[in-house]
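Heads up, the thing below is written out as structure tokens.
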Amino acid sequence: MAVVGYSLGESSIMNTAYQSRDHPFLTGGAVAWNGYVSMKRMVEYISRRPPLNDFFFPVYLAFSIMNEMRRQDMKGYMEDPASLPYLQERPFYTDFRRYMDEVVVPHYSMEPDEIYRLSSPAEFISAVKIPLLVVHAEDDPICPIEEMDELWRAAGESSNVDILVLPTADPIALSMGSTGAGTDRFCAASWITGRNVRARWSRPRECRVNTRRE
């Protein structure tokens with residue numbers, strides 16, 4: 001059995017790959033698309049309103065709408081006094097740092113730094129014991145490509161982790177079925193079937209693979 005995750009789900013997939021050493025349900029491997037390395041840094045980034053001409057602005061707007069829908073839903077059942085100030089903020093208030101501090105932290109009864117640590121792939125990727133392919137696009141509007149360099153260093157000498165970087169294949173392209181998405185799927189399928197993207201990839205100049213396998 002294998003799993004695939006995109007964007008925020010990408011970090012969950014990497015966490016699942018890490019936890020499979022104690023819960024060995026993944027017998028095939030994991031593929032993680034376009035995610036972040038540091039949860040705290042990502043929360044800070046998406047909490048800041050970008051300029052209208054910023055490539056990230058449409059994504060920020062979508063985050064704001066989804067966050068408002070979620071907040072209105074939570075008002076119907078959340079009773080924790082620590083969460084009420086955030087839930088009662090003005091419409092379309094978007095500060096995910098407060099969401100973490102006033103909703104997530106009380107819910108899990110953990111310190112903020114511990115939640116951020118457990119949610120940051122850089123903290124545990126070197127201990128992943130199953131095959132893990134991380135796919136990232138150079139044009140990702142949310143997570144800069146430098147994140148993959150950091151993730152590669154964090155992976156250390158692990159032979160279970162491969163990182164595939166493509167020129168375009170952001171989460172929006174994936175959902176729209178663009179050429180970038182097809183490229184992603186082709187490389188991932190090649191990796192899953194043989195864990196040898198370089199040998200099966202027909203246009204290697206368009207992607208670069210970091211791997212420590214022989």
- Inter-label distance for F63 and Y77, nm, one decimal - labels placed 7 Å from Cα along Cα-to-Cβ: 2.5
- Using a 10 Å cut-off on Cβ atoms, rank the peptides 76-84, 94-102 from the highest mean neighbour count down. 94-102, 76-84
- Rounded to the nearest Å, what's the spacing between the alpha carbon centres of the stretch 25-60 and the stretch 76-148? Just the number, please. 10
- Task: For a quick protection proxy, order the peptides 85-91, 137-143 by their average other-Cβ count within 10 Å, most packed first.
- Result: 137-143, 85-91
- Using only the Cα atoms of the stretch 1-135, construct the convex hull and provide its projected area averaged over every direction, in square nanometres to one decimal. 9.3
- Query: So what is the relative contact order for the stretch 1-153, in percent, with contacts set as C-alpha pairs under 8 Å and at least six apart?
  - Reply: 36
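Any read-out appearing in this document is the output of simple, stated calculations on the displayed coordinates, not a laboratory observation. None of these values were measured; they are calculated from a predicted model. As a convention, Cβ positions derive from the backbone with ideal geometry for all residues, glycine included, and neighbour counts pool all protein chains shown.
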